[in-house]
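J.: Sharing a structure, written as C-alpha coordinates. Questions coming.
The values are calculated or read from the model by the stated rules, or taken from the named source; none is laboratory data. Keep in mind that what you see is a predicted model, and the values were worked out from it rather than measured. With ideal geometry, Cβ positions are generated from the backbone for all residues, glycine too; neighbour counts draw on all protein chains shown. Ligands, DNA and RNA are excluded from the accessible area calculation, which covers all protein heavy atoms including side chains. Shrake-Rupley method; radii C 1.70, N 1.55, O 1.52, S 1.80 Å.
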Amino acid sequence: LPNNVQYFALGGSELFRGFDLAQRQGNSLWVGSVEWRVPVIRNLDLAFFDRALSLRGIYAAAFCDVGEVMLRGQSIGGVSEAVGAGLRLDVSWFTFVERTILRVDAAKTLNSQAPMQIWTGIEHPF
(Lines give C-alpha, C1' and ligand atoms only; values in the text may rest on other atoms or scores of the structure.)
Protein backbone atom coordinates (compact mmCIF):
# COMPACT_ATOMS: atom_id res chain seq x y z
CA LEU A 1 0.00 0.00 0.00
CA PRO A 2 1.53 3.32 -1.00
CA ASN A 3 1.73 5.88 1.81
CA ASN A 4 2.43 9.16 0.06
CA VAL A 5 0.32 8.98 -3.10
CA GLN A 6 -3.40 9.42 -3.59
CA TYR A 7 -4.21 6.60 -6.00
CA PHE A 8 -7.88 6.00 -5.35
CA ALA A 9 -10.89 8.32 -5.60
CA LEU A 10 -14.08 7.65 -3.67
CA GLY A 11 -16.32 9.01 -6.39
CA GLY A 12 -17.30 8.72 -10.01
CA SER A 13 -19.98 7.09 -12.09
CA GLU A 14 -18.81 3.53 -11.49
CA LEU A 15 -17.73 3.48 -7.83
CA PHE A 16 -19.42 5.92 -5.46
CA ARG A 17 -21.95 8.07 -7.31
CA GLY A 18 -22.38 10.65 -4.52
CA PHE A 19 -18.96 12.31 -4.99
CA ASP A 20 -17.07 13.51 -8.02
CA LEU A 21 -13.58 12.13 -8.66
CA ALA A 22 -11.75 14.99 -6.93
CA GLN A 23 -13.67 15.19 -3.62
CA ARG A 24 -12.22 12.28 -1.66
CA GLN A 25 -8.91 10.64 -2.57
CA GLY A 26 -6.51 8.39 -0.69
CA ASN A 27 -4.22 5.40 -0.87
CA SER A 28 -6.84 2.80 0.09
CA LEU A 29 -10.62 2.53 0.07
CA TRP A 30 -13.58 0.21 0.41
CA VAL A 31 -16.99 0.57 -1.19
CA GLY A 32 -20.27 -1.34 -1.40
CA SER A 33 -23.29 -0.79 -3.63
CA VAL A 34 -26.82 -2.08 -3.91
CA GLU A 35 -28.92 -1.36 -6.99
CA TRP A 36 -32.52 -2.36 -7.65
CA ARG A 37 -33.77 -2.20 -11.25
CA VAL A 38 -37.45 -2.18 -12.07
CA PRO A 39 -38.81 -2.55 -15.61
CA VAL A 40 -40.90 0.42 -16.73
CA ILE A 41 -41.52 -0.85 -20.27
CA ARG A 42 -40.38 -4.30 -21.46
CA ASN A 43 -40.33 -5.86 -24.94
CA LEU A 44 -40.33 -2.49 -26.60
CA ASP A 45 -39.34 -2.45 -30.27
CA LEU A 46 -38.94 1.16 -31.28
CA ALA A 47 -36.68 1.39 -34.33
CA PHE A 48 -34.92 4.54 -35.48
CA PHE A 49 -32.83 5.39 -38.55
CA ASP A 50 -33.87 2.33 -40.59
CA ARG A 51 -33.30 -0.01 -37.60
CA ALA A 52 -29.77 1.31 -36.99
CA LEU A 53 -30.88 1.97 -33.41
CA SER A 54 -33.62 0.10 -31.55
CA LEU A 55 -34.97 0.79 -28.08
CA ARG A 56 -35.78 -2.54 -26.39
CA GLY A 57 -36.79 -1.49 -22.89
CA ILE A 58 -36.81 1.21 -20.23
CA TYR A 59 -35.88 0.54 -16.60
CA ALA A 60 -35.83 2.62 -13.43
CA ALA A 61 -33.11 2.09 -10.82
CA ALA A 62 -32.74 2.96 -7.16
CA PHE A 63 -29.35 2.58 -5.50
CA CYS A 64 -27.34 3.08 -2.34
CA ASP A 65 -23.54 3.41 -2.22
CA VAL A 66 -21.44 3.22 0.97
CA GLY A 67 -17.69 3.68 1.23
CA GLU A 68 -14.67 5.15 2.94
CA VAL A 69 -11.28 6.33 1.71
CA MET A 70 -8.11 6.43 3.81
CA LEU A 71 -4.75 8.14 3.48
CA ARG A 72 -1.87 6.66 5.49
CA GLY A 73 -4.35 4.68 7.57
CA GLN A 74 -6.46 7.72 8.54
CA SER A 75 -10.02 8.09 7.32
CA ILE A 76 -10.75 11.09 5.11
CA GLY A 77 -14.24 12.29 6.04
CA GLY A 78 -15.41 9.03 7.60
CA VAL A 79 -17.83 6.51 6.12
CA SER A 80 -19.96 8.11 3.39
CA GLU A 81 -23.42 7.09 2.22
CA ALA A 82 -25.16 8.13 -0.99
CA VAL A 83 -28.60 7.35 -2.38
CA GLY A 84 -29.93 7.98 -5.83
CA ALA A 85 -32.10 7.02 -8.75
CA GLY A 86 -31.52 6.45 -12.41
CA LEU A 87 -32.96 5.57 -15.77
CA ARG A 88 -31.69 2.74 -18.00
CA LEU A 89 -32.39 2.50 -21.75
CA ASP A 90 -31.82 -0.94 -23.30
CA VAL A 91 -30.73 -0.34 -26.91
CA SER A 92 -29.38 -2.41 -29.78
CA TRP A 93 -27.29 -1.11 -32.65
CA PHE A 94 -27.73 -2.10 -36.32
CA THR A 95 -29.86 -5.13 -35.26
CA PHE A 96 -26.79 -7.36 -35.07
CA VAL A 97 -24.47 -5.65 -32.60
CA GLU A 98 -24.59 -6.56 -28.91
CA ARG A 99 -27.10 -4.63 -26.87
CA THR A 100 -26.00 -1.85 -24.56
CA ILE A 101 -27.51 0.07 -21.67
CA LEU A 102 -27.51 3.87 -21.80
CA ARG A 103 -27.85 5.16 -18.26
CA VAL A 104 -28.28 8.38 -16.34
CA ASP A 105 -28.01 8.54 -12.53
CA ALA A 106 -28.61 11.27 -9.95
CA ALA A 107 -27.01 10.73 -6.52
CA LYS A 108 -26.77 12.70 -3.28
CA THR A 109 -24.42 11.99 -0.39
CA LEU A 110 -26.38 11.86 2.88
CA ASN A 111 -23.72 12.78 5.42
CA SER A 112 -21.82 15.45 3.49
CA GLN A 113 -22.44 18.89 2.03
CA ALA A 114 -21.40 17.64 -1.43
CA PRO A 115 -23.73 18.77 -4.22
CA MET A 116 -25.94 16.33 -6.09
CA GLN A 117 -24.07 14.44 -8.81
CA ILE A 118 -25.45 13.59 -12.25
CA TRP A 119 -23.72 10.74 -14.12
CA THR A 120 -24.20 9.23 -17.59
CA GLY A 121 -22.72 6.06 -18.97
CA ILE A 122 -22.79 3.19 -21.44
CA GLU A 123 -22.55 -0.38 -20.20
CA HIS A 124 -23.19 -3.98 -21.14
CA PRO A 125 -26.56 -5.30 -19.86
CA PHE A 126 -26.66 -8.06 -17.27
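J.: Is there a quick way to get the dipole size of the chain? I mean about its Cα centre, with the Cβ of Lys and Arg at +1 and of Asp and Glu at -1; what is the value in debye to the nearest 20? List each step's numbers first, then the result.
T.: Details: 11 positive and 12 negative charges, 15 e Å.
Charge dipole of the chain: 80 debye, to the nearest 20.
J.: If I model a spin label at residue 110 and residue 123 as a point 7 Å from the Cα along the Cα→Cβ vector, what separation in nanometres do I get?
T.: My value for the distance between the label points is 2.1 nm.
J.: Starting from the exponent 0.38 and prefactor 2.2 Å, build the expected Rg for the range 52-126 from its residue count and divide its actual Cα Rg by it. Please report the intermediate quantities before stating the final value.
T.: Working: Rg = 16.7 Å, N = 75, 2.2 N^0.38 = 11.3 Å.
Scaled against compact globular proteins, the figure is 1.47.
J.: Against the 2.2 N^0.38 Å scaling, with N counting residues, where does the chain land? I'd like the Cα-based Rg ratio to two decimal places. Walk me through the numbers on the way to the answer.
T.: Details: Rg = 17.7 Å, N = 126, 2.2 N^0.38 = 13.8 Å.
Relative to the rule-of-thumb radius for its length, the chain sits at 1.28.
J.: Sticking with this structure for a sec: State the three equivalent ellipsoid semi-axes of the range 25-75, derived from the C-alpha gyration tensor as the square roots of 5 times its eigenvalues, in descending order and whole Å. All intermediate terms of the calculation are to be shown ahead of the outcome.
T.: Details: eigenvalues 332, 43, 5 Å².
Over the Cα atoms of the range 25-75, the ellipsoid semi-axes are 41, 15, 5 Å.
J.: Over the Cα atoms, compute the radius of gyration (one decimal) and Dmax (the largest Cα-Cα distance, rounded to a whole number) for the range 2-58, in Å.
T.: My reading of the Cα-based Rg and Dmax gives 19.0, 55 Å.
J.: Could you please state how large a percent of the accessible area of the range 1-100 is carbon and sulfur, counting protein chains only and using a 1.4 Å probe? Walk me through the numbers before you get to the answer.
T.: On the way: 3460 of 5870 Å².
The nonpolar share, carbon plus sulfur, comes to 59 percent.
J.: Residue by residue, what Karplus-based ³J(HN,Hα) values in Hz, rounded to whole numbers, does the range 11-16 have, using 6.51, -1.76 and 1.60 with θ = phi - 60° and x for Gly and Pro?
T.: Ordered by residue, 3J(HN,Hα) equals x, x, 6, 9, 10, 9 Hz.
J.: Taking a probe of 1.4 Å, how large is the accessible area per residue of the range 69-112, in Å²? Write down the numbers at each step before the final one.
T.: Working: 2240 Å² over 44 residues.
Computed with neighbouring chains in place, this is 51 Å² per residue.
J.: Identify the chymotrypsin sites (Phe, Trp or Tyr not before Pro) of the range 64-103 meeting these criteria: DSSP loop state and at most 12 other C-beta atoms within 10 Å of the C-beta.
T.: Values: sites: 93, 94, 96; in loops: 94, 96.
Taking the range 64-103 and a limit of 12 other Cβ atoms within 10 Å, the loop chymotrypsin sites (Phe, Trp or Tyr not before Pro) found are 94, 96.
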